[in-house]
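Below you'll find the structure, written out as structure tokens, and then a few comments.
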Amino acid sequence: QVQLVESGGGLVQAGGSLRLSCAASGRTFSDYAMGWFRQAPGKEREFVATITRSGVNTYHADSVKGRFTISRDNAKNTLYLQMNSLKPEDTAVYYCAASSSGISTLTGGYDYWGQGTQVTVSS
């Protein structure tokens, strides 16, 4: 079992930056690949980024590539999403997730999910 808690969301102006954190507990954090997803009202949950167990390899969705960066600190059992050059279309609830089977762009590839944190980007 893994418990995940996101934090760091809030209201920012377009062009601003925000860093989300996901604190993990329960099982060994480094045993899991991790991912970030987001969901806007009335839309399906969307892949944002994923990272391998070691943190050596990452993959970002085209919509955020060059603006967002996923990272992890296994010593602190924490996953991060650095978000720069934010746009109004980035507004969503952001979720972190843990995978026992490796990195994935699909929600079905993840075993555990956090409760989400709201990110709102104003124009």
Regarding the range 3-16, can at least one residue be identified that is in contact with a strand residue (DSSP E or B) (Cβ under 7 Å, 6 or more places away or on another chain), charged (D, E, K, R) and either at pLDDT below 95 or closer than 21 Å to residue 108 by Cβ (or both)? yes
Restricting to the range 94-123, name every residue that is among the hydrophobic types (A, V, I, L, M, F, W, C) and part of a strand (DSSP E or B). 96, 97, 98, 113, 119, 121
From 59, 94, grab the single residue that is of a type in the set (Phe, Trp, Tyr) and open to solvent by 10 Å² or more (accessible area, probe 1.4 Å). 59
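A quick yes/no check of all residues on (1) of a type outside the set (A, V, I, L, M); (2) under 16 Å from residue 114 (Cα atoms); (3) open to solvent by less than 20 Å² (accessible area, probe 1.4 Å):
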| residue | (1), (2), (3) |
| --- | --- |
| 10 | yes, no, no |
| 15 | yes, no, no |
| 35 | yes, yes, yes |
| 42 | yes, no, no |
| 46 | yes, yes, no |
| 52 | yes, no, no |
| 77 | yes, yes, no |
Looking for whichever is touching a Gly at 6+ places or on another chain (Cβ under 9 Å) and aliphatic (A, V, I, L, M) here; the options are 14, 40, 33. Which one fits? 33
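The values are calculated or read from the model by the stated rules, or taken from the named source; none is laboratory data. Quick caveat: nothing in here was measured; it's all calculated off a predicted structure. So basically every Cβ, Gly included, is an ideal-geometry build from the backbone, and we count neighbours across all protein chains shown. Heavy atoms of the whole protein, side chains included, go into the accessibility calculation; ligands, DNA and RNA do not. Shrake-Rupley method; radii C 1.70, N 1.55, O 1.52, S 1.80 Å.
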